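Inspection log for the structure reproduced underneath, given as structure tokens.
The values are calculated or read from the model by the stated rules, or taken from the named source; none is laboratory data. For clarity, every value in this text was computed on a predicted model and none was experimentally measured. Note: ideal-geometry Cβ built from the backbone for every residue, glycine included; neighbour counts use all protein chains shown.
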């Protein structure tokens, strides 16, 4: 590991807008579980997650646009969170924080009905068939999201991967969820929705390579 990366891992642990939950142990009840809005943000505003947020491009843009909503970016890679957290601090974004942790543990971090909606932007599509369980729209993860989402909570997916896009449609429908929006080519629309015009680092690379960006929004139904 490079010297700069080591320094960033150390520094990100000291940031006030980052909570490190990477050292998960079974049956741990995290301090903020069920109380993120009042105890961390000091309000009762809705909570929106960006999962596998990387450098936090989406969370940063949404937090700037919607100061009345609490945003939490979640990723296990501390170096990526370092950049996102630095920008959030510099911009004075009080409605955005980050969690360093594994998405597998989401139901130990958030309580039932605590999350209003989720964004998943350009996750690893895990193209090898033996790794489909790792896809963030597999039933393995949908079960976890359903434990923390409100009944009408929306999950938003943006991807350049046709494989993940088709897999996600089938996975959601088999799970008993409902597809609300299905856009096979975001930038082929005459007037794309404003939230879908936010571009991540990877999205810009995919667009430069001539790839089509796909979008799904869906709900998982009542418990």
> Taking residue 100, is it within 18 Å of residue 141 (Cα to Cα) and touching a strand residue (DSSP E or B) at 6+ places or on another chain (Cβ under 6 Å)?
Replying inline: yes
>> Quick check on my filter: what residues within segment 126-149 are under 26 Å from residue 192 (Cβ atoms) and in contact with a strand residue (DSSP E or B) (Cβ under 7 Å, 6 or more places away or on another chain)?
In response: 136, 137, 145, 149
>> Quick check on segment 56-73: of everything there that is assigned to a loop (DSSP other than H, G, I, E, B) and touching a helix residue (DSSP H, G or I) at 6+ places or on another chain (Cβ under 8 Å), which residue is surrounded by the fewest Cβ atoms within 10 Å (Cβ to Cβ)?
In response: 69
> Out of all the residues in segment 76-90, is one or more closer than 28 Å to residue 214 by Cβ, modelled with pLDDT of 95 or more and outside any helix (DSSP H, G or I)?
Replying inline: no
>> Criterion first (modelled with pLDDT of 90 or more, more than 20 Å from residue 48 (Cα to Cα) and not in a strand (DSSP E or B)) does residue 127 satisfy it?
In response: yes
>> Taking the condition of being surrounded by fewer than 24 Cβ atoms within 10 Å (Cβ to Cβ) and at pLDDT below 95, how many residues in segment 92-102 meet it?
In response: 2
>> Go through (1) assigned to a helix (DSSP H, G or I); (2) buried (at least 24 other Cβ atoms within 10 Å of the Cβ); (3) within 14 Å of the chain's Cα centre (by Cα) for residue 53 and report which single condition fails.
In response: (1)
> Can you tell which of 156, 113 is within 27 Å of residue 80 (Cα to Cα) and in contact (Cβ under 8 Å) with a residue 12 or more places away in the chain?
Replying inline: 156
> Restricted to segment 112-125, and to residues that are in contact with a helix residue (DSSP H, G or I) (Cβ under 7 Å, 6 or more places away or on another chain) and on the phi < 0 side of the Ramachandran plot, which residue is surrounded by the fewest Cβ atoms within 10 Å (Cβ to Cβ)?
Replying inline: 112
> Out of segment 108-124, which residues are in a loop (DSSP other than H, G, I, E, B) and within 12 Å of the chain's Cα centre (by Cα)?
Replying inline: 122, 123
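Considering segment 10-37 alone, what residues qualify as being part of a helix (DSSP H, G or I) and either at pLDDT 95 or above or crowded, with 17+ Cβ neighbours inside 10 Å (or both)?
Filtering segment 10-37 for residues part of a helix (DSSP H, G or I) gives 10-12, 36-37.
Listed by number, the residues that qualify are 12, 36, 37.
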> In this structure, is residue 136 buried (at least 18 other Cβ atoms within 10 Å of the Cβ) and either touching a helix residue (DSSP H, G or I) at 6+ places or on another chain (Cβ under 8 Å) or part of a strand (DSSP E or B) (or both)?
Replying inline: yes
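Filter segment 171-186 down to the residues that are assigned to a helix (DSSP H, G or I) and either modelled with pLDDT under 95 or surrounded by 14 or more Cβ atoms within 10 Å (Cβ to Cβ) (or both) and list them by number. First the steps, then the outcome.
Step one: filter segment 171-186 for residues assigned to a helix (DSSP H, G or I), giving 171-175, 186.
Once the filter is applied, which keeps residues that are assigned to a helix (DSSP H, G or I) and either modelled with pLDDT under 95 or surrounded by 14 or more Cβ atoms within 10 Å (Cβ to Cβ) (or both), segment 171-186 yields 171, 172, 175, 186.
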> Does segment 140-170 hold any residues that are surrounded by 21 or more Cβ atoms within 10 Å (Cβ to Cβ) and in a helix (DSSP H, G or I), and which are they?
Replying inline: 141, 142, 145, 146, 148, 164, 165, 168
